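Working notes, structure below.
The values are calculated or read from the model by the stated rules, or taken from the named source; none is laboratory data. Bear in mind the structure is a predicted one, so any value in this text is a computation, not a measurement. With ideal geometry, Cβ positions are generated from the backbone for all residues, glycine too; neighbour counts draw on all protein chains shown. These area figures cover heavy atoms from the full protein model, side chains too; ligands, DNA and RNA do not enter into them. Shrake-Rupley method; radii C 1.70, N 1.55, O 1.52, S 1.80 Å.
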Amino acid sequence: MLVSNDLYKKSSKTQKIRCEICANYCKIDEGNVGICHQHKNINGELFDESYGIVSSLSPDPIEKKPLNKFLPHTSTYSIGGFGCNMSCLHCQNYIISHEYGNYSRGIKITPEEIVENAINYNCKSIAWTYNEPTIHLLFNRKTSLLAKQKNLKVIYVSNGYFSEKSLEEVLCFVDAFNIDLKSMSSNFYKKVCGADLDIVLDNLKRIYFENKHLEITNLIINEFNDFIDEITQLCDFVVNELGPEVPLHFSRAFPYYKMNDISPTNTETLFKAKEIALKKGIQNVYLGNI
């Protein structure tokens with residue numbers, strides 16, 4: 001599928017193009033793909049190579065996203081794709097995000113079929129989840145707008161690494177977000193995720209001030225982002241830059257992908273994190289994977 005030309009820029013001198021779908025702003029040579037491996041430069045035009053191809057389809061409790069304060073006790077129809085715009089060493093879904101060429105088979109499906117499935121399962125929403133939805137903007141947008149015509153809400157479970165243009169688009173059709181705020185350390189984002197923390201923080205603030213429903217998840221990893229000062233800083237950001245009503249989920253990490261030598265997060269750390277968050281005034285704090 002050809003990407004609309006407002007989401008990439010052509011070079012005036014070469015066949016290289018600059019993708020503007022996510023915050024990586026990949027400069028892609030002719031015949032090559034960007035960091036997400038889903039967008040390819042073909043003759044100086046940007047194509048979405050996985051349009052209409054998904055990895056996963058499933059009705060889920062909405063609390064599994066996790067969203068605890070948006071349409072509680074309802075089902076959401078979850079859709080996952082392939083690829084990612086980050087390179088997290090601890091990726092919990094690495095098989096579909098990074099190693100799908102070795103393991104996974106794509107499912108071809110239309111927007112109409114997704115919406116029909118959601119309705120048949122008595123879901124009240126659809127959720128773009130399991131991998132990073134930002135990189136599938138074209139397919140998500142078409143499907144989501146159709147879903148909204150059928151009175152379904154739209155959810156994004158995301159790492160928050162939107163470009164300015166893609167966030168502008170996404171805000172037009174997404175009703176609720178769960179954003180994975182991985183750390184308050186720029187060094188962690190750079191070395192562990194290959195990304196820029198400040199972009200994620202700015203996008204969180206924009207989502208909040210656009211009055212979208214927002215919940216935040218922080219996966220705590222022993223000896224990487226489990227420090228009391230950092231957890232305190234994250235809670236301060238939620239209270240001071242967003243609002244104390246924003247639900248915060250602390251989640252337990254397990255050995256995965258390129259961090260298969262870590263130990264499961266100490267449960268005491270999660271209980272301490274919850275205690276800090278509550279003392280800071282965050283009204284809704286949840287623990288996951290325990």
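As a length-normalised measure over Cα pairs under 8 Å and 6 or more apart, the relative contact order of segment 44-116 settles at 35 percent. Taking 8 Å as the Cα distance limit and 6 or more residues as the minimum spacing, I'd like the relative contact order of the chain as a percentage. Across the chain, relative contact order equals 14 percent. For segment 221-290, the solvent-accessible area with a 1.4 angstrom probe is 50 square angstrom per residue. Per-residue packing, averaged as other Cβ atoms within 10 Å, sorts the ranges 39-45, 108-114 into the order 39-45, 108-114, beginning with the highest.
In this label model, residue 171 and residue 60 are separated by 2.6 nm, measuring between points 7 Å along each Cα→Cβ vector. Ranked from largest to smallest solvent-accessible area, with a 1.4 Å probe on the protein heavy atoms, 143, 14 come out as 14, 143. Counting heavy atoms of the protein chains alone, residue 4 has an accessible area of about 40 Å² for a 1.4 Å probe. Spatially, segment 131-179 and segment 208-223 are offset by 16 Å when compared through their Cα centroids. Sorted largest first by accessible area at a 1.4 angstrom probe radius, with every protein chain in place, the residues 141, 105 fall in the order 105, 141. Listed by chain and number, the lysines placed with their C-alpha closer than 18 angstrom to that of residue 190 are 182, 258; residues fewer than eight positions away on the same chain are left out.
Reported value for the chain: 126 Å³ per residue, from the convex hull of its C-alpha atoms.
Estimated from helices alone, the mean residue ellipticity of the chain at 222 nm is -7500 deg cm²/dmol (sum of -39500 (n - 2.57) over DSSP H runs with n ≥ 4, per residue).
Is segment 96-168 rounded, prolate or oblate when judged by the Cα gyration tensor, a ≥ b ≥ c being the square roots of its eigenvalues, rounded requiring a/c under 1.5 and prolate requiring a/b larger than b/c? Oblate. Each residue of segment 1-111 gets 138 Å³ once the volume of the Cα convex hull is shared out per residue. Under the criterion of Cα pairs below 8 Å and six or more residues apart, the relative contact order for segment 117-244 equals 21 percent.
Share of pairwise Cα-Cα distances greater than 17 Å in segment 7-47 is 13 percent (whole percent).
Both radii are taken from the alpha-carbon atoms of segment 166-252; with Rh as the Kirkwood radius, Rg/Rh is 0.96. Per residue, the accessible area of segment 7-51 comes to 52 Å², computed with a 1.4 Å probe over protein heavy atoms only. Apply 1/(1 + (r/R0)^6) to the Cβ-Cβ distance of residue 14 and residue 120, taking R0 = 35 Å, and write down the FRET efficiency to the nearest 0.05. The pair residue 14/residue 120 has a calculated efficiency of 0.10. Modelled spin-label separation between residue 43 and residue 196, with each label point placed 7 Å from Cα along the Cα-to-Cβ direction: 3.4 nm.
Ligands, DNA and RNA left out, the accessible area of the chain computed with a 1.4 Å probe is 47% carbon and sulfur.
Can you tell me the 0 to 90 degree angle between the C-alpha axis of helix 228-237 and the longest principal axis of the chain, rounded to 10? Computed tilt is about 60 degrees. Solvent-accessible area of residue 29, all protein chains in place: 70 Å² (probe radius 1.4 Å, heavy atoms, ligands and nucleic acids excluded).
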